[in-house]
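Below: one structure, written as structure tokens.
Bear in mind that the values in this text are calculations on the coordinates, not laboratory data. These numbers come from a predicted model, not from an experiment. With ideal geometry, Cβ positions are generated from the backbone for all residues, glycine too; neighbour counts draw on all protein chains shown.
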Amino acid sequence: MNVSKERRGTRDRLLDAACDIFVERGFDDATVAEICARAEANVAALNYHFGNKAAAYRAAYLRAFEESAVQFPFAADAALAPEDRLAAHVHSILKRMNHDGEASRFDKMRNWEDIRPTGIVDDVDEEVLAAARSHMLDCLTAIIGAEVTPEQLLLCEASVLGMARMVLPFNRRHIALFAHRRIDDAMIDTLTAHIVAVALGGLRHAIARDQR
């Protein structure tokens, strides 16, 4: 029993350390030695629990997703208008990106995947993001119209996610500096309203252009 508890404790420490190191350095630059040092464990322990660095990365990615989904669920009341459900989805993304705790680690790891794709978690993304993606596509289809083509829908999705996921990682200092305020909950609300307004205007214009 004591051995079992010790093993679970070591595995959890390794996972937490792996999440932090992969967030800070990405997969390529992170090392097993660094993860083990932060977890106060040895390399043999990581190999025992995960097998190798890639497997530890997959496990850390899943752990980060679970933390994010619990604290910042994307789904909104189905009775709301699709524009409001889209706003709730964008707001959830921005809250995660602005969060400094464990619940922000998934999106930060995903940003590394966008910059330096590893291919290690592609299948994981397809599985764990399926519900979130379905929610986003349902909102967009309801807003744009059922006649939207799959390609148009994909482009619309990419545009909204691009604005929502990249505005803080690449513009945090700029916004805080020139707005003379920190990125607090009120600013998240302002950014949400702006992104949704720009997205809806742009989406409707793009669809109208394609239908000419």
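For the chain, the spherically averaged projection of the C-alpha convex hull amounts to 14.3 nm².
Against the longest principal axis of the chain, how steep is helix 150-179, in degrees 0 to 90 to the nearest 10, with axes from Cα atoms? For 150-179 against the chain, the angle is about 70 degrees.
Rounded to whole numbers, the Karplus 3J(HN,Hα) couplings from phi for segment 119-127 are x, 6, 10, 4, 5, 5, 4, 4, 7 Hz, using 6.51 cos²θ - 1.76 cosθ + 1.60 with θ = phi - 60°, and x at Gly and Pro. Hey, in the GNM for the chain with a 10 angstrom Cα cutoff, which one of Val124, Val90, Val160 fluctuates hardest? Evaluated over the chain, the most mobile residue of the options is Val124.
Using Cα centres only, tell me the gap between segment 114-154 and segment 90-111 in whole Å. Here the two parts' Cα centres lie 18 Å apart. Given axes a ≥ b ≥ c from the Cα gyration tensor, I'd like to know whether segment 2-62 is rounded (a/c under 1.5), prolate (a/b larger than b/c) or oblate. Prolate is the answer for segment 2-62, as a/c is 1.5 or above and a/b outweighs b/c.
Taking Cα pairs under 8 Å and at least six residues apart, what relative contact order does the chain come out at, in percent? So the answer I get is 20 percent.
Taking Lys and Arg as +1 and Asp and Glu as -1, the other residues whose beta-carbon sits under 9 Å from that of Arg110 total -2. Using only Cα atoms, tell me the angle between helix 53-71 and the longest principal axis of the chain; keep it within 0 to 90° and round to the nearest 10. Tilt of helix 53-71: around 50 degrees.
For the chain, adding -39500 (n - 2.57) for each run of n ≥ 4 DSSP H residues and dividing by the number of residues yields -26500 deg cm²/dmol at 222 nm.
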